[in-house]
Amino acid sequence: PDRPDRRRNNRIDRIVEYIHDNASDPSLSLSRVASAFYMNASYLGQRFHQQTGVKFTDYLNLYRIVKACDLLLTSQLLTYEISEIVGFGNINYFHRVFKKVTGVGTEEFRKKAPIGLVETPKLPLEFH
């Protein structure tokens, strides 16, 4: 049967790279990325989801949480500092998204991940 082609094109690759380069900016949004690539935000959101299988905001949040996990495990930074570094402008939103993605809070993650009791989230291979 006909299935939409899920292979990404060069534009989506450049958009993913742009997200990686700018994720630490709390004002990064679908509309800002669309503007940077001279695209309509709705169209970009649809194309991004079609070609990656992930919604734009879900991908941005996952990328930020993966970075936060790395900082939690490799630094002594406080949680609010990490949330700012990875691009969350609101600490409460950071905590909500972190728990949704990892299944645990930040302190529990910091204690349990090094001994294998909590899995560190990863980006899909094609997004590295």
| the range 91-125: number of residues that are exposed (fewer than 13 other Cβ atoms within 10 Å of the Cβ), within 24 Å of D21 (Cα to Cα) and in contact (Cβ under 8 Å) with a residue 40 or more places away in the chain | 2
| Given the range 33-128, what helices (runs of 4 or more DSSP H) lie entirely inside it while holding 3 or more residues that are of a type in the set (K, R) and more than 15 Å from the chain's Cα centre (by Cα)? | 106-112
| request: State all residues of the range 64-104 that are under 19 Å from D25 (Cα atoms) and hydroxyl-bearing (S, T, Y); if no residue qualifies, say none. | output: T79, Y80, S83, Y93
| field | Test set (1) loosely packed, with under 12 Cβ neighbours inside 10 Å; (2) out of contact with any Gly (no Cβ under 8 Å at 6 or more places or on another chain) - Y63 fails condition number | value | (1)
| said: Just to be sure before I move on: is T79 of a type in the set (V, I, T) and either open to solvent by less than 80 Å² (accessible area, probe 1.4 Å) or touching a His at 6+ places or on another chain (Cβ under 8 Å) (or both) in the structure I sent? | reply: yes
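The values are calculated or read from the model by the stated rules, or taken from the named source; none is laboratory data. Computed from a prediction, not measured in an experiment: that's the story for all the values here. Note: ideal-geometry Cβ built from the backbone for every residue, glycine included; neighbour counts use all protein chains shown. Quick note on the areas: whole protein, heavy atoms, side chains included, nothing else; ligands and nucleic acids left out. Shrake-Rupley method; radii C 1.70, N 1.55, O 1.52, S 1.80 Å.
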